[in-house]
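Colleague: To start, I am sharing the structure in question, which I have written as structure tokens.
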Amino acid sequence: MRKTLTLLTAATLLSACTTHVNRDFQMVGGSRADGTVTLALPIYSGEYVHWNWGQGQSLAEQSCRGWGYGSAQKFGASDAYQDVCVRRNKWGCLDSNAVVKYQCTGAPPPKL
């Protein structure tokens, strides 16, 4: 019983150190000529981010349509992303960006 209580207390204390947040993807790059869109989602130390993949897809499609393409398709698996460290200390990465790339699809814009 005492061991169970100790484990329960430790789990409660550890979960209190993590902040649950909802955050949207932001466009950080892209190329009309290549038909690619790059989105990122910042992740800070001590956070558990709830991913909104639908918002990312909508943002990528909106960008592609603005360039004259029909839609956008994510590169890789549906939940694939590249973790890019943006702040580290001597023990490792503290803050990072989850970077996701999309390919614009549909009729490409005419070349000028």
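Colleague: When you look at Val100, is it modelled with pLDDT under 85, touching a Leu at 6+ places or on another chain (Cβ under 8 Å) and of a type in the set (A, V, I, L, M), yes or no?
Modeller: For Val100, the condition - modelled with pLDDT under 85, touching a Leu at 6+ places or on another chain (Cβ under 8 Å) and of a type in the set (A, V, I, L, M) - is not met.
Colleague: When you scan segment 33-112 for strands (runs of 3 or more DSSP E) that lie fully inside it, which ones turn up with 2 or more residues that are hydrophobic (A, V, I, L, M, F, W, C) and within 12 Å of the chain's Cα centre (by Cα)?
Modeller: 36-43, 92-105
Colleague: Right, next: When you look at Ala72, is it touching a residue at least 40 places away in the same chain (Cβ under 8 Å) and surrounded by 15 or more Cβ atoms within 10 Å (Cβ to Cβ), yes or no?
Modeller: Criteria not met by Ala72.
Colleague: Name the residues in segment 27-54 that are under 11 Å from Cys104 (Cα atoms) and surrounded by fewer than 14 Cβ atoms within 10 Å (Cβ to Cβ), would you?
Modeller: Matches in segment 27-54: Ser31, Ala33, Asp34.
Colleague: Within segment 17-32, how many residues are closer than 25 Å to Gln103 by Cα, without any contact (Cβ under 8 Å) to a residue 60 or more places away in the chain and either assigned to a loop (DSSP other than H, G, I, E, B) or among the aliphatic types (A, V, I, L, M) (or both)?
Modeller: Number satisfying all stated conditions: 3.
The values are calculated or read from the model by the stated rules, or taken from the named source; none is laboratory data. None of these values were measured; they are calculated from a predicted model. Glycine gets a Cβ as well: all are built from the backbone with ideal geometry, and neighbour counts include every protein chain shown.
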